[in-house]
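Here's the structure we're looking at; comments come further down.
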Amino acid sequence: MTVAPHTGPIVESPALPAAQESPRTQSPRIWHWQGEEDTAAFAQALAAQQPLLANAFLTLHGDLGAGKTTLVRHLLRALGVQGRIKSPTYAVVEPHEAPGLAPHATTVWHFDFYRFDDPREWEDAGFRDIFANPGLKVAEWPEKAAALTPPADLAIHIEAIDDTERQVTVHAHTAAGHRLLQGL
């Protein structure tokens, strides 16, 4: 099956120029979370990074049950989101108003591309418009949208070691992502 390329640029953080890359930007950072408290602490540290986080694009990678949605819930709570936070598994995207992002942006778009069968669904759903506007974008299963999304500022890989322990590897892919990673 051939996928038609998307047209037009998507507003995104610029990639790091090769001249600005250092061994630190090329190497991922690794954490070992011993329980959900560590997940919450990581989310708090990430939420504290204003204004960088307000318009960032974060991707979450890991097997089912690794803790991707749990991380998003802790991040949303840390950003002041009240009420029920549900997984966008069936809806594909859930918008949240996050007062903790103000005054830069207040919307967090939580995507879950797990049920995508064709990357063109991303384009058909109008997500290009969401990515072209301000707000934090967080995507689970980004590989299902293939190369249609912009480069992630931070790619967060969560690997379940056992029921409570996780190994978390974070890669920065943009200048903004590098600054976010330095703040963690």
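The values are calculated or read from the model by the stated rules, or taken from the named source; none is laboratory data. As the structure is a prediction and not an experimental result, all values here were calculated from the model. All Cβ positions, even for glycine, are placed from backbone atoms using ideal geometry, and neighbour counts span all protein chains on display.
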- For the stretch 123-141, does any single residue satisfy the condition of being more than 27 Å from Thr169 (Cβ to Cβ) and of a type in the set (A, V, I, L, M, F, W, C)? yes
- Task: For residues that are modelled with pLDDT under 80 and surrounded by fewer than 16 Cβ atoms within 10 Å (Cβ to Cβ), tally how many sit in the stretch 102-121.
- Result: 3
- Filter the stretch 153-184 for residues that are part of a strand (DSSP E or B) and among the hydrophobic types (A, V, I, L, M, F, W, C); which is surrounded by the fewest Cβ atoms within 10 Å (Cβ to Cβ)? Ala160
- Item | Filtered residue count, the stretch 51-72, keeping only those that are touching a Leu at 6+ places or on another chain (Cβ under 7 Å) and without any contact (Cβ under 8 Å) to a residue 60 or more places away in the chain | 0
- Task: Mind listing whichever residues of the stretch 166-184 are more than 22 Å from Ser87 (Cβ to Cβ) and of a type in the set (D, E, K, R)?
- Result: Arg179
- Task: Can you tell me which residue among Pro134, Pro99 is loosely packed, with under 15 Cβ neighbours inside 10 Å, in contact with a helix residue (DSSP H, G or I) (Cβ under 8 Å, 6 or more places away or on another chain) and under 22 Å from Ser87 (Cα atoms)?
- Result: Pro134
- Message: Taking the conditions exactly as written (of a type outside the set (Asp, Glu), at positive phi and at pLDDT 85 or above), does Gly135 satisfy them or not?
- Response: yes
- Note on the structure: So, first residue in a helix (DSSP H, G or I) in the stretch 123-152, second residue among the charged types (D, E, K, R) and modelled with pLDDT of 90 or more, Cβ within less than 8 Å, six or more apart or across chains; the pairs are Ile130/Lys137; Phe131/Lys137
